[in-house]
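Enquirer: One structure, pasted below without further comment.
The values are calculated or read from the model by the stated rules, or taken from the named source; none is laboratory data. Predicted, not measured: the structure shown is a model, and the values here were computed from it. Every residue, glycine among them, receives a Cβ derived from its backbone with ideal geometry; neighbour counts consider all protein chains shown. Each accessible area value is taken on the protein alone, full model and side chains, heavy atoms only, with ligands, DNA and RNA left out. Shrake-Rupley method; radii C 1.70, N 1.55, O 1.52, S 1.80 Å.
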Amino acid sequence: MHKLLSGVIAATLAAFGQTWPAPAPTGDVIGVGNFLHVVSDVEKSFQFYQGVLGMDQMQGLQPNGPRPYIDTPAIVNLYDAPGAQYRVATTLVPGAPMRAELIEWKGLDRSPVRPRYQDPGAATLILTVRDLDSIMARVKKSGTPIVTTGGEPVRLIDGRTPARAILLRDPDGFYVELIQLDSPPASPALPAGNMIGVSFAFTVSDTERMVEVFRDALGFQPETAPFQSDKARLTLMGTPGAQYRRTAALVPGTTFQVQFLEFTGIGRQPVHSRLRDPGSPLLRLLVRDLDSILKALNAAG
């Protein structure tokens, strides 16, 4: 189960905004918690997510200046980091159910991970925006690495709503996809700023196996597509010549989308990182009964 959970915890590709769906029915999973991203320098990463991408700072949970290291026993034990200290910064999309929580560890060995986009275990934070060009100006000024072939946003027409999108890497090599829909959904619930949506995706080695676990053990209702080779999306992902398939599912009880992405026709190398290693991601799920979920995961192997 631990290897499978590492695959769930580590991840990659992105939501392609369509219409805002109705919440998925709840089961033992009832919601989504923060997305946790392990970083090498929390101040540098916070500047990227807030200063370059324009995400909002989480108020009330962190100081505005340099963040101190702490060693809360429950957190240190949860992440199997005895004797370590950590510091945290949190950014968000207003109104979204998930925050991006950046955590930096010290006092223990760390090995940065920088998977290629097609490598099982790579993960992507997907941000839907109203104005992509204003962010791109800051991206280019900051020297942020761009994954998309050609370094410019790509036109996508393989969803219900045409869009422009680009794929970036943050200071630790973690993937961020930015999407601007041609026609954003008309909803009074959408935030007023530039960021209007967030989702999460990860690359997997075996779609059927991942679907089996998320469906049978976690109560998701995944929708799997066949392999395809859309040129625009391959350009977006920087994976020319490959084929890919995307599987989408809503976290039960929410409209928050998680996607699995599997590649073929291109070299792949699975990534198995530890939760202390910069570049490692973790998606938190809120559950009704933890013991019941653990039994279901064990039964699923």
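Enquirer: Restricted to the stretch 40-66, and to residues that are in a loop (DSSP other than H, G, I, E, B) and at pLDDT 85 or above, which residue is nearest to Val176 (Cα to Cα)?
Expert: Among those that are in a loop (DSSP other than H, G, I, E, B) and at pLDDT 85 or above, it is Leu53.
Enquirer: Of everything in the stretch 138-149 that's in contact (Cβ under 8 Å) with a residue 24 or more places away in the chain and over 18 Å from Pro115 (Cα atoms), which residue is surrounded by the most Cβ atoms within 10 Å (Cβ to Cβ)?
Expert: Val139
Enquirer: Take the conditions closer than 16 Å to Val258 by Cβ and modelled with pLDDT under 90 and apply them to Gly193. Does it pass?
Expert: no
Enquirer: If I go through the stretch 89-109 residue by residue, how many of them are surrounded by 19 or more Cβ atoms within 10 Å (Cβ to Cβ), within 20 Å of Gly173 (Cβ to Cβ) and not polar (S, T, N, Q)?
Expert: Going through the stretch 89-109 one residue at a time, the tally reaches 7.
Enquirer: OK, next. Go through (1) surrounded by 20 or more Cβ atoms within 10 Å (Cβ to Cβ); (2) touching a helix residue (DSSP H, G or I) at 6+ places or on another chain (Cβ under 7 Å) one by one and return the number of the condition Asp119 breaks.
Expert: So Asp119 meets the others, but not (2).
Enquirer: Go over the candidates Tyr86, Tyr49 one by one and state the one that is surrounded by 15 or more Cβ atoms within 10 Å (Cβ to Cβ), under 17 Å from the mean Cα position of the chain (by Cα) and of a type in the set (Phe, Trp, Tyr).
Expert: Just one listed residue meets the conditions, Tyr49.
Enquirer: Scan the stretch 109-120 and report the pairs whose first residue is more than 21 Å from Pro82 (Cβ to Cβ) and whose second residue is aromatic (Phe, Trp, Tyr) and buried (at least 22 other Cβ atoms within 10 Å of the Cβ), with Cβ atoms within less than 6 Å and a gap of 6+ or a chain change.
Expert: Gln118/Phe263
Enquirer: Follow-up question, since we're still on this one. Here are the criteria: (1) out of contact with any Lys or Arg (no Cβ under 8 Å at 6 or more places or on another chain); (2) open to solvent by less than 10 Å² (accessible area, probe 1.4 Å). Tell me which single one Glu152 does not satisfy.
Expert: Condition (2) is where Glu152 drops out.
Enquirer: Filter the stretch 277-299 for residues that are more than 17 Å from the chain's Cα centre (by Cα) and either over 17 Å from Gly31 (Cα atoms) or aromatic (Phe, Trp, Tyr) (or both) and give the result.
Expert: Selection gives Lys295, Ala296, Leu297, Asn298, Ala299.
Enquirer: From Val93, Val147, Val139, which residue is among the β-branched types (Val, Ile, Thr) and modelled with pLDDT under 95?
Expert: Val93
Enquirer: Also: At least 1 residues that are farther than 17 Å from Leu236 by Cβ in each: list the strands (runs of 3 or more DSSP E) lying fully within the stretch 70-151 that qualify.
Expert: Here the list reads 85-92, 99-106.
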